[in-house]
Amino acid sequence: MAHRVAVVGGGIAGLTAAYRLRRELGPDAEIVLLEQGDRLGGKLRTVELAGCRYDVGAEAFLDRRAEVRQLAEELGGPEEVVHPGAVSATVRAGGRTCWLPGGTVMGVPASADAVQDVLSEAGVAAVRAEADLPPVRLGGADISVGELLRGRVGDEVVDRLVEPLLGGVYACNADLLGLRATIPALAAALDAGAESITAAAAAALPSRQSADSPKPPVFGAFRYGFRELIDRLLIAADARIRLGFPVRQLARTDSGWRLEIGAAPSPEFLDVDAVVLAVPASAARKLLDDAAPAAAAKLAAVELSSSVVVGLALPPDTRLPEASGVLIARGEQHADGTPFTAKAFTFSSKKWPHLRGADGELLVRGSVGRFGETTELRLDDAEVLRRVAADFAELTGTSAVPVDSVVVRWGGGLPQYGVGHLDLIADVERAVAEVSGLAIAGAALHGVGVPACIATGSAAATDVTRDLLRAGPCEVGR
């Protein structure tokens, strides 16, 4: 009898797991992919904006990791990887916009000189004096990014640099994020003996290359968006797709697992040999309550943040700043005292030169939403669009009227990596590993980026394949 496996969650982690299961279990296996929404891809979504394919979820991947390129090569096809243009980012802080400084690790400075254009005189003095403070001693423990940095290099470094940069990844409050999960290079340098924050940042910076040596690109993207990768994953996985089917309960049986799916008044039941859960932490917690209660209890500590992405298509003659975008520090205001709604803008047609509308329109992406701040998220689409357009005009001095736009909401899309996150996830994975025929994947584990999610999907497929092949069909649950 062929194996039957359920993959719960149709994001990049779940799709990767389904594909790997097909590769490892062969053509006779039945793979059922369950997604409670009406589309696949999770936080990867490609839309049409002014006739251009435009990503409104993750816009890029870390090209220094191999997972995305390897997966694309395995799947074959014409995806062309592109890289950002030669423009730098800016930050709006202290009431003005300036270049995002180099010589920092996720905004943490290696020297006071590196950040003197962004900070006040008092802020620069705090960074300069940090090396004279008592040595930093973490002793292997984790600590919140804000707690560590505010006490060492001052509030301005956190508020004007670190939080805006981390906010692009986690939509975060830096005071709630754990150092080891979110700035691991800095933690590693401190563990290795660096006695100050600036010394640790200096040690964590990439080694300098000669002027003649080309720098390898940090980020990559697909010319026509992530949609093609998702579509080819789906074809290669050859899974039975059930869209609009939430999984309400997961229970052990004598021979495997039973999933209760669909609407509560008239549920369906699906019996399978193994299960991969590739869903947000809150959903995984509910499903693991009976099967792996220790893991469920740990996952309850992983909080989620929501966000909104606004895509704008502007007339071709619009003048954009010669920058890749602008980060906006918390508390920044318009000249009239109105607070900014957006937390960042990407000048997409500057950052990614291939991104233009069908008639040459310039594309811009605005991001809204910080953890714990929900007022803006409750606005309707028209008001979000109006406010974001006003923010863009204030920051750039242009009053160009968009010729096309899109508003996409990501409810609970970003897990928050709190203090102790690495230990918490290690405990979760140990608890799940003790249950044969069960594995988890997704952004809550080892990184929110696309490569990290692909890695968790692959690992989950390998884990359940091992259990299935060791036990044989219909014996996993025993």
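The values are calculated or read from the model by the stated rules, or taken from the named source; none is laboratory data. Nothing here was measured: the structure is a model prediction, and the numbers come from that model. Cβ placement follows ideal geometry from the backbone for every residue including glycine, while neighbour counts extend to all protein chains displayed.
Which residue pairs have Cβ atoms under 9 Å apart, sit 6 or more places apart or on different chains, and have a first residue in segment 131-149 that is under 22 Å from ARG160 (Cβ atoms) and a second that is among the hydroxyl-bearing types (Ser, Thr, Tyr) and crowded, with 18+ Cβ neighbours inside 10 Å?
That search, which allows pairs on different chains as well, returns ALA131/SER196; ALA131/THR198; LEU133/SER196; VAL136/SER196; VAL145/THR182.
One residue is enough: does segment 163-181 have a residue meeting the conditions assigned to a strand (DSSP E or B), modelled with pLDDT of 95 or more and buried (at least 21 other Cβ atoms within 10 Å of the Cβ)?
Checking segment 163-181: at least one residue is assigned to a strand (DSSP E or B), modelled with pLDDT of 95 or more and buried (at least 21 other Cβ atoms within 10 Å of the Cβ).
Go through GLY357, GLY369 for me and flag whichever is assigned by TED's automatic domain parsing to the domain that holds VAL403 and within 25 Å of ALA86 (Cα to Cα).
Only one candidate passes the filter, namely GLY357.
Please list, ordered by residue number, the strands (runs of 3 or more DSSP E) wholly in segment 318-374 having 1 or more residues that are without any contact (Cβ under 8 Å) to a residue 60 or more places away in the chain and in contact with a Phe, Trp or Tyr (Cβ under 7 Å, 6 or more places away or on another chain).
Filter on segment 318-374 gives 342-346, 362-368.
Evaluate segment 245-257: report whether one residue or more is at pLDDT below 95, under 25 Å from the mean Cα position of the chain (by Cα) and not in a strand (DSSP E or B).
yes
Kindly indicate whether GLU48 is under 19 Å from the mean Cα position of the chain (by Cα) and either charged (D, E, K, R) or surrounded by fewer than 16 Cβ atoms within 10 Å (Cβ to Cβ) (or both).
In short, no.
If VAL124 satisfies every condition in (1) crowded, with 19+ Cβ neighbours inside 10 Å; (2) aliphatic (A, V, I, L, M); (3) touching a residue at least 40 places away in the same chain (Cβ under 8 Å) but one, which is the exception?
(3)
With the condition kept exactly as written, say whether any residue in segment 104-114 is among the polar types (S, T, N, Q), surrounded by 16 or more Cβ atoms within 10 Å (Cβ to Cβ), touching a residue at least 60 places away in the same chain (Cβ under 8 Å) and not in a strand (DSSP E or B).
Yes, the conditions are met somewhere in segment 104-114.
Does GLY418 satisfy the condition of being part of a strand (DSSP E or B) and surrounded by fewer than 24 Cβ atoms within 10 Å (Cβ to Cβ)?
So GLY418 fails the test.
Does THR465 qualify as being over 23 Å from the mean Cα position of the chain (by Cα), outside the structural domain of ALA292 (by TED's automatic domain parsing) and not charged (D, E, K, R)?
Here the answer is no, as THR465 does not meet what is asked.
For segment 446-476, what are the residues that are farther than 27 Å from ALA29 by Cα and in a helix (DSSP H, G or I)?
The one that is farther than 27 Å from ALA29 by Cα and in a helix (DSSP H, G or I): HIS446.
Anything in segment 78-132 that is closer than 30 Å to LEU233 by Cα and touching a Ser or Thr at 6+ places or on another chain (Cβ under 9 Å)? List them, or say none.
Scanning segment 78-132 gives PRO84, GLY85.
Within segment 128-149, which residues are closer than 11 Å to LEU179 by Cα and either of a type in the set (Gly, Ala, Ser) or out of contact with any His (no Cβ under 8 Å at 6 or more places or on another chain) (or both)?
Residues satisfying the conditions are LEU138, ALA141, ILE143, SER144, VAL145, GLY146, GLU147, LEU148, LEU149.
Filter segment 271-317 down to the residues that are modelled with pLDDT of 95 or more, assigned to a helix (DSSP H, G or I) and touching a Leu at 6+ places or on another chain (Cβ under 6 Å), then identify the one that is surrounded by the fewest Cβ atoms within 10 Å (Cβ to Cβ).
Among those that are modelled with pLDDT of 95 or more, assigned to a helix (DSSP H, G or I) and touching a Leu at 6+ places or on another chain (Cβ under 6 Å), it is ALA296.
What are the residues in segment 349-392 that are modelled with pLDDT under 95, buried (at least 20 other Cβ atoms within 10 Å of the Cβ) and out of contact with any Ser or Thr (no Cβ under 7 Å at 6 or more places or on another chain), if any?
Passing the criteria: only ARG370.
Just to be sure, is ILE235 closer than 30 Å to GLU79 by Cα, free of Cβ contacts under 8 Å to residues at least 40 places away in the same chain, β-branched (Val, Ile, Thr) and in a helix (DSSP H, G or I)?
yes
Looking at ALA236, ALA204 in this structure, which one is under 30 Å from ALA189 (Cα atoms), modelled with pLDDT of 95 or more, buried (at least 17 other Cβ atoms within 10 Å of the Cβ) and out of contact with any Pro (no Cβ under 7 Å at 6 or more places or on another chain)?
Checking each option against the conditions leaves just ALA204.
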